[in-house]
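Structure first, then comments.
The values are calculated or read from the model by the stated rules, or taken from the named source; none is laboratory data. Because the structure is a prediction, the values reported are computed rather than measured. Note that we place each Cβ from the backbone using ideal geometry, even for glycine, and neighbour counts take in every protein chain shown.
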Amino acid sequence: MTEFTIASFNVKNLIGAEKEYYRFEQYTPEEYAWKEDWLADQLMTMNADIVGFQEIFEEPPLRAVIAETDARGMASNAASLPDRSKRYARKAIFRKLAYDPYDGAALAFAPNLSDSGAGERRPGIAILSRFGFAAEPEVVQQLDPPLEIPFHHLGGGDAGSYRVNRLSRPILKARVPVGGRVITVFNCHMKSKLGEYIRPHGARHSPELDLLHYRAEGRAMGFLRAGLRRMAEAWVLRKLILEELDHGHPVMVLGDFNDGEHAVSSEIISGERPFRNYAWMRRHDAETANDRYTEEEAARILESVERVRLHSAEKLFVRKSLRDMVYTSAFGGVFESIDQILMSRHFHPDYARRIGEMEYFSVFNDHLTDGSHPEAPYNKLASDHGQIMAHFRLSDPASD
């Protein structure tokens, strides 16, 4: 048996000091030092074997955080772990306290193709793996050919199409060798709910950004565009997932979905939930009112749906623990989970041919504050997301 942990960590705008990432936004040396300190402390606490990072503008600051994490972790080991000569050194508590450094780990960074100059930066993503990578990680952002989403009028006839040439952020795919197996890991950062507005030619900004002349209709259209883009990006990710599942590869998807588990974009990624009993359902080619799928056909349909469906680590944990206490975002009085870890049925406890199972799920959200409340402390340098981590146990391939 092999135990491992996998985590998602939106670091919130990681970039070096005195570098303007968004207009007028940059860190002083002191602010950057505080942020690096906080990130290293959080990463050390998680001590995850595989980490998917979001909102990374540049690779060197991330490597600096990892190096600082290792320095702290090794100092903690020196202070907390007994010498091997001590008779109690093998106690389980010390295995739990031990920090495993990332000095031999592999890091894959995917910069954003839309990244521009000062004040107009665009973040990328990264995957850190103590197990290394079984193959060179792949990045998907520029779509060739572009994604064309056709529409039809409700009464019939062509209604045009919506085209996506490039994703707002890259998708990073890595094949990670764990315990004699290879798991395909996707790290993603879906388009945010922030409105997408059109700036007229020659104008300094979109009219919808002028809140003194509030344009509710235009802002709603911006949210619509953002939602369309997020769902299109979800479909691109779903297609990549299906390619892996069709080859029989176990899959894990993690990242900032910018939507809850039951949002349409999230369900595009995870796949549809199966109907309770397809034998109750009228056939697609029914010729009579009672023309329904047979039991054999219903079983075949169910297998087709379940084979490509992904499952939420958070929801499996809630089912197992009988508690619902997870949130990774707090904004405007709304507490929700928009960061997810999804897994193929290879890791589902109800699947007879599973190769492993999730044992525990951790969420690190004590730092989250909702700025809409007057008593909320000032905490803008920490991440505005909670970090999530799933604990897995893999079976030996020889036992399959």
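A few comments on the model shown:
- Check on Tyr360, modelled with pLDDT under 95, within 22 Å of Cys188 (Cβ to Cβ) and within 26 Å of the chain's Cα centre (by Cα): no
- Within segment 1-103, helices (runs of 4 or more DSSP H) holding 1 or more residues that are in contact (Cβ under 8 Å) with a residue 12 or more places away in the chain, touching a Phe, Trp or Tyr at 6+ places or on another chain (Cβ under 8 Å) and closer than 21 Å to Cys188 by Cβ: 29-46, 59-80
- Leading residue by the ranking (farthest from Val308 (Cα to Cα)) among those in segment 240-252 that are assigned to a helix (DSSP H, G or I) and within 16 Å of the chain's Cα centre (by Cα): Leu240
- Arg273 vs. criteria touching a Lys or Arg at 6+ places or on another chain (Cβ under 6 Å), free of Cβ contacts under 8 Å to residues at least 40 places away in the same chain and more than 18 Å from Ser192 (Cα to Cα): no
- Checklist (1) closer than 22 Å to Val236 by Cβ; (2) of a type in the set (A, V, I, L, M, F, W, C); (3) in a strand (DSSP E or B) applied to Phe133, failing item: (3)
- Screening Ala234, Ala226, Ala313, Ala286 for residues that are surrounded by fewer than 18 Cβ atoms within 10 Å (Cβ to Cβ) and not polar (S, T, N, Q) leaves exactly one candidate, Ala286.
- Within segment 253-274, tally of residues that are surrounded by 14 or more Cβ atoms within 10 Å (Cβ to Cβ), out of contact with any strand residue (DSSP E or B) (no Cβ under 7 Å at 6 or more places or on another chain) and outside any helix (DSSP H, G or I): 4
- Considering segment 275-289, and only residues there that are in a loop (DSSP other than H, G, I, E, B) and touching a strand residue (DSSP E or B) at 6+ places or on another chain (Cβ under 8 Å), the residue that is farthest from Glu359 (Cα to Cα) turns out to be Ala289.
- Search result, residues across segment 1-49 that are among the small types (Gly, Ala, Ser) and either within 16 Å of Ser383 (Cα to Cα) or buried (at least 18 other Cβ atoms within 10 Å of the Cβ) (or both): Ala7, Ser8, Gly16, Ala33, Ala40, Ala48
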